[in-house]
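> Have a look at this one before I ask anything.
The values are calculated or read from the model by the stated rules, or taken from the named source; none is laboratory data. Predicted model, so just to flag it, every value in this text is computed and none were measured. Here Cβ is always computed from backbone atoms with ideal geometry, including for glycine, and neighbour counts include all displayed protein chains. The accessibility values were calculated without ligands, DNA or RNA, using every heavy atom of the protein model including side chains. Shrake-Rupley method; radii C 1.70, N 1.55, O 1.52, S 1.80 Å.
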Amino acid sequence: MKDRTQMREPTALTTDILLPALQQAVDALVIFDEHDRIVFYNDAAEALWGLPRDDIMGRDVTCLIPLCMRHEGERPAMGDVTGDALPVREVAFTRPDGEHVCGELTLSRVRLGGRGQTYHVAVVKNMTEEMRRTGILSLQAEVIHALTRDMALDDVGHLICRKVESFLPGSAAALMFVDGEHARWQVIATPSLPPRIRDALRNTAPTPADRDMLATTPSHAGRLAWDNCRSICRSLGLHTCYATPVHGPDRQMVGIFAVYLRDDSRFGAWPQRLVGACAPFCALALERQATRAQIRQLARHDTLTGLLNRTALHQVLTDMIAQAANSHFAVFMIDINRFRDINDTLGYAVADRCLVEIAQRLRMTAPEGCTISRSGGDEFVVVAPECTGDQVPALARTLLAAVGQQFHIDHNRLTLTASMGISTFPRNGPDSESLLGHADTAMRLARRDRRGGFRMAGGARDHMAQDRLVLGAALRDSLAHGLLHLHYQPQVRTGTLELSGVEALARWHHPRLGDIFPTRFIAVAEETGQVEAIGHWALAEACRQMARWDHAGVHVPAIAVNLSAMHFRNRGLPATIAALLEAHGLTPARLTVEITESVMMECCTDTMDVLHAIRKLGCGLSMDDFGTGYSSLSRLTQLPLTEIKMDRSFITNLEHDPNERAVATAVIEIGRRLGMTVVTEGVETLRQCALLEELGCDVMQGYLFGEALTASAMARWVRHGGATAARRMVPPPGHAPDRGAN
């Protein structure tokens with residue numbers, strides 16, 4: 001019985017239990033004998049290979065197993081032990097219907113029957129979909145990683161194209177996107193796409209109708225990518241194109257991703273699926289590119305008019321200067337006169353439309369090659385290359401005439417005028433700052449002299465303004481780099497000549513400009529908005545120096561620091577002073593804050609509160625240059641002053657002019673009656689010193705006792721007795737001094 005069963009091998013394969021089970025297996029199952037003839041072929045195998053069972057049974061297995069699995073054209077070697085299997089191998093083949101299939105093949109050997117007949121079992125797991133999904137996921141991960149590494153759009157596009165071409169052997173992929181500036185296709189592709197096809201695509205431009213069609217009919221992408229270069233593609237062996245539109249966040253078409261194939265019969269529907277799967281990755285890359293472009297646009301352009309902004313204008317001028325060699329160009333700065341009236345009367349919407357219209361007129365009027373910028377609210381700049389001689393005023397008149405044409409906005413008829421300043425390269429400066437500064441100065445002069453006209457840079461007043469501009473920039477830089485210093489002029493008590501205190505005076509030596517007089521740079525500081533910063537620096541430096549002198553055993557009773565009217569509008573000033581005094585271990589009485597008479601003129605609630613708060617700290621308050629400005633005795637009584645300083649102009653001829661002596665007497669008497677210390681500046685002669693002592697002045701300051709000294713020189717002055725050495729030279733009141741001593 002046993003022997004008969006072993007002789008009936010086919011029966012063993014066709015039992016009612018085994019055969020249905022193998023037939024319904026999920027994976028493709030092929031069994032072939034030792035002569036490589038197929039003896040079993042299940043339903044899954046029929047679906048995998050796409051070949052009917054009747055055409056396969058009894059045929060050589062090589063019609064199924066790919067040649068890549070054979071060694072030198074022979075059947076794969078099998079193990080000698082029953083059940084031995086070769087390792088799992090990846091296989092790929094093309095079905096008769098052109099579908100490309102990927103799978104995992106496991107090949108093993110079994111023996112059946114009493115005679116030990118050998119059969120080989122091939123199990124193929126269809127991995128096509130899984131491998132495709134894995135490939136797409138891998139591409140997605142690579143694209144996202146590339147984007148996070150800030151990779152350029154071209155590199156990301158090449159990455160996508162190379163990956164897709166590896167999925168579809170013999171293909172050429174391309175990413176096409178619309179260049180916003182030229183409205184033509186820009187093409188990113190690997191070398192697999194022939195240059196002739198790339199050029200043909202670049203020379204086409206999508207129409208608005210194409211964009212609308214792509215929004216509703218994705219298949220239109222294929223026609224755009226194929227129709228314009230079909231003949232070239234076919235002549236180069238590419239016979240099919242699969243394409244899909246790439247949409248932006250607003251569903252607008254921003255590009256097309258296309259794949260060109262030499263033979264599409266191998267892949268079935270896979271190319272179109274793959275192209276569709278790549279569209280989101282391409283959209284990500286293009287969206288980031290658009291975001292970058294928008295950021296660059298915002299960084300370089302005015303959002304209202306689309307013109308270059310001031311930062312971009314500086315770069316343009318810098319580039320033009322670097323490339324200038326022997327060339328010339330002109331800078332026209334245009335300011336719209338009384339533009340604020342439009343804002344106030346017609347509203348900002350109408351004003352904005354006016355600015356847009358002005359920008360458009362300048363675009364239409366300026367010669368080709370000009371750079372146009374909106375560098376301020378109602379300020380425009382036109383840079384005209386190779387504009388010299390008579391061309392400059394001619395272009396100025398043309399631009400002003402364009403701006404002056406009547407506007408029709410929302411039933412409003414408006415006529416505007418503009419003032420223009422013009423600078424030229426290289427005459428008005430070697431850099432963009434100088435050129436724009438000269439043009440701005442000339443424009444302001446044109447606006448002041450005759451609204452609606454223009455002015456060339458280069459006049460005497462221009463140079464004065466330019467001097468302030470250059471000096472202001474240098475002052476800002478010097479303040480930032482610690483190039484300003486304090487000098488200290490001693491103040492002595494009348495009679496004893498003991499040191500009463502010092503006045504801190506700012507000094508500035510610039511490496512290129514040399515020594516700058518305080519009257520000059522303080523005026524510039526006020527005009528350029530830096531005087532407050534200088535005042536805070538002077539306060540901090542004065543307190544720091546007092547602490548250093550104390551540490552060195554040099555006794556300076558008090559220090560006076562002059563502040564401008566602007567400081568006293570800042571309610572935080574008393575807290576700043578208190579913090580400085582505490583930080584350096586100084587009592588408030590050792591600091592005197594000097595104010596000018598302009599503070600009296602601007603005396604508002606905030607200023608009065610700040611002055612009282614400083615006095616409440618215990619600091620002194622001194623009225624500097626009393627009597628030279630807008631002094632008012634009624635206001636003087638309202639200020640919490642501890643000291644008034646009589647200006648040097650009142651004692652210049654004190655010895656000879658009875659009127660000056662009368663004024664000096666009056667000021668000293670006012671101070672005495674108000675309980676204030678009177679300090680007289682500009683004391684230079686022994687006779688002046690004697691007369692001031694006779695009049696009852698409290699403190700004197702001037703070259704007779706010491707000029708403004710550096711901190712170290714001031715320390716030596718104190719150690720060596722200071723002004724007491726001059727005591728012997730001061731004649732008693734009523735005696736004429738020795739003229740040789742003056």
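> Restrict the search to segment 492-572; then list the trypsin sites (Lys or Arg not before Pro) that DSSP places in a loop and that have at most 16 other Cβ atoms within 10 Å of their Cβ.
The qualifying sites are Arg512, Arg571.
> Would you please put 283-289, 58-64 in order of how densely packed they are, using the mean number of other Cβ atoms within 10 angstrom per residue and starting with the highest?
Answer by packing, highest mean first, reads 283-289, 58-64.
> So, for segment 247-363, what is the accessible surface per residue at a probe of 1.4 Å, expressed in square angstrom?
Result: 48 Å² of accessible area for each residue.
> At a threshold of 8 angstrom on Cα-Cα distance, excluding pairs fewer than six apart, so keeping six or more, what relative contact order does segment 483-535 reach in percent?
Once normalised by length, the contact order is 26 percent.
> Evaluate the distance, in nm, between pseudo-label points positioned 7 Å from the Cα of Asn228 and of Asp27 along their respective Cα→Cβ axes.
5.0 nm
> Continuing with this model, one more query. Take the Cβ-Cβ distance between His408 and Phe517 as r, set R0 to 60 Å, and report the resulting FRET efficiency rounded to the nearest 0.05.
It comes out at approximately 0.60.
> At 0.36 nm per residue, and after removing the present C-alpha to C-alpha distance, how many nm does the segment from Thr106 to Glu655 gain when stretched out fully?
Working it through step by step, the gained length comes to 185.3 nm.
> What fraction, in whole percent, of alpha-carbon pairs in segment 366-445 exceed 21 Å separation?
Taking all Cα-Cα pairs of segment 366-445, the fraction more than 21 Å apart is 32 percent.
> With every protein chain left in place, what is the accessible area per residue of segment 136-187 in square angstrom, probe 1.4 Å?
46 Å²
> Still on this structure, I have one more. What FRET efficiency comes out for His509 versus His612 if R0 is 35 angstrom and r is the Cβ-Cβ distance? Round to the nearest 0.05.
With R0 = 35 Å, the Cβ-Cβ based efficiency is 0.40.
> Give the carbon-plus-sulfur fraction of the accessible surface of segment 329-397 in %, rounded to a whole number; probe 1.4 Å, heavy atoms of protein chains only.
In segment 329-397, the share of accessible area belonging to carbon and sulfur is 47 percent.
> Follow-up question, since we're still on this one. Order Asp624, Asp43 by their accessible area, 1.4 angstrom probe, all chains in place, largest first.
Per-residue accessible area, sorted high to low, gives Asp43, Asp624.
> So what is the accessible area of segment 488-539 per residue, in Å², with the probe set to 1.4 Å?
For segment 488-539, the per-residue accessible area is 44 Å².
> In whole percent, how big is the carbon plus sulfur part of the accessible area of segment 470-532, probe 1.4 Å, protein atoms only?
The value for segment 470-532 is 54 percent carbon and sulfur by accessible area.
> Let me ask something else about it. Ignoring ligands, DNA and RNA, how do Glu684, Glu541, Glu46 rank by accessible area with a 1.4 Å probe, largest first?
Descending accessible area places them as Glu684, Glu46, Glu541.
> Within 10 Å, count the other beta carbons around each residue, average over each peptide in 130-141, 299-310, and list them highest first.
299-310, 130-141
> Give me the percent of the accessible area of segment 607-712 that comes from carbon and sulfur atoms, probe 1.4 Å, all protein chains in place.
48 percent
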